[in-house]
Amino acid sequence: MKKFSELRVGDAFYSTCSISDKELDEYLSFSRIKNAFLEDMQKGKQKIVSGRAILARMEGEFTRISQIYGNHIIFIGTDGDAGWENRNTRFLKPLYTDEVLKLKFTVSAKDDIDDDFGKIAIDYEGSTQDGKTIVISKRNLYRIKKEPPR
């Protein structure tokens, strides 16, 4: 685990994941998302994973990587990236169930909040095994305790 004081802008961390049909169905049931496009296109074949499900899994994977897990950290929102016309997230290609998603998390900003807490911005990037970019999500903001519990 890296403490707040050890994190540097530009640090990058990596992971991989996939989302099964069962996991997607559970997410859609929990979130109560209804999408006729996805329902009509996916009868009896590999399913397209909803964008929100992808982001939820990416955020979950970020909290589990060894460099982050153990910190007191909470997602507090997103900021549009000024250099990207204040956009936050773009989906460039579909992701299908059981397809491996290679994840890259990059520290893009780091600020003090007060004596006990700091704020970090994390850029997410997800791509297929052959390097095709699926999603880019910039400036996902987290409040992080400067000194984690021992």
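The values are calculated or read from the model by the stated rules, or taken from the named source; none is laboratory data. Just so we're clear, the structure is a prediction, and the values are computed from it rather than from any experiment. Here Cβ is always computed from backbone atoms with ideal geometry, including for glycine, and neighbour counts include all displayed protein chains. Note: accessible area is taken over every heavy atom of the protein model, side chains too, but ligands, DNA and RNA are not part of it. Shrake-Rupley method; radii C 1.70, N 1.55, O 1.52, S 1.80 Å.
Quick check on region 97-130: of everything there that is over 21 Å from D79 (Cα atoms) and crowded, with 19+ Cβ neighbours inside 10 Å, which residue is modelled with the lowest pLDDT? Filtering first and then ranking leaves T97. Checked against (1) at pLDDT 95 or above; (2) of a type outside the set (F, W, Y); (3) open to solvent by less than 50 Å² (accessible area, probe 1.4 Å); (4) within 17 Å of G10 (Cα to Cα), T133 passes all but condition (4).
The test for being at pLDDT 85 or above and closer than 17 Å to E125 by Cα holds for D11. Report yes if some residue within region 63-77 is modelled with pLDDT under 90, part of a loop (DSSP other than H, G, I, E, B), open to solvent by 30 Å² or more (accessible area, probe 1.4 Å) and touching a Phe, Trp or Tyr at 6+ places or on another chain (Cβ under 8 Å); otherwise report no. Checking region 63-77: not a single residue is modelled with pLDDT under 90, part of a loop (DSSP other than H, G, I, E, B), open to solvent by 30 Å² or more (accessible area, probe 1.4 Å) and touching a Phe, Trp or Tyr at 6+ places or on another chain (Cβ under 8 Å).
Of the residues making up region 14-48, those that are at pLDDT 90 or above and not in a helix (DSSP H, G or I) number 7.
Can you pull out the residues in region 79-95 that are open to solvent by 80 Å² or more (accessible area, probe 1.4 Å) and touching a strand residue (DSSP E or B) at 6+ places or on another chain (Cβ under 8 Å)? Outline the logic, then answer.
Initially, region 79-95 is screened for residues open to solvent by 80 Å² or more (accessible area, probe 1.4 Å), giving 82, 85-86, 90-93.
Within region 79-95, R90, F91, L92, K93 meet the criteria.
Taking residues in region 75-100 that are on the phi > 0 side of the Ramachandran plot, and partners anywhere that are surrounded by fewer than 13 Cβ atoms within 10 Å (Cβ to Cβ), the pairs with Cβ atoms closer than 8 Å and at least 6 places apart or on different chains are D98/S20; D98/Q46. When R150 is tested against (1) within 30 Å of E26 (Cα to Cα); (2) open to solvent by 40 Å² or more (accessible area, probe 1.4 Å); (3) without any contact (Cβ under 8 Å) to a residue 60 or more places away in the chain, just one condition goes unmet, and that condition is (1).
Being under 30 Å from K146 (Cβ atoms), open to solvent by 60 Å² or more (accessible area, probe 1.4 Å) and touching a residue at least 60 places away in the same chain (Cβ under 8 Å) is a description that applies to M1.
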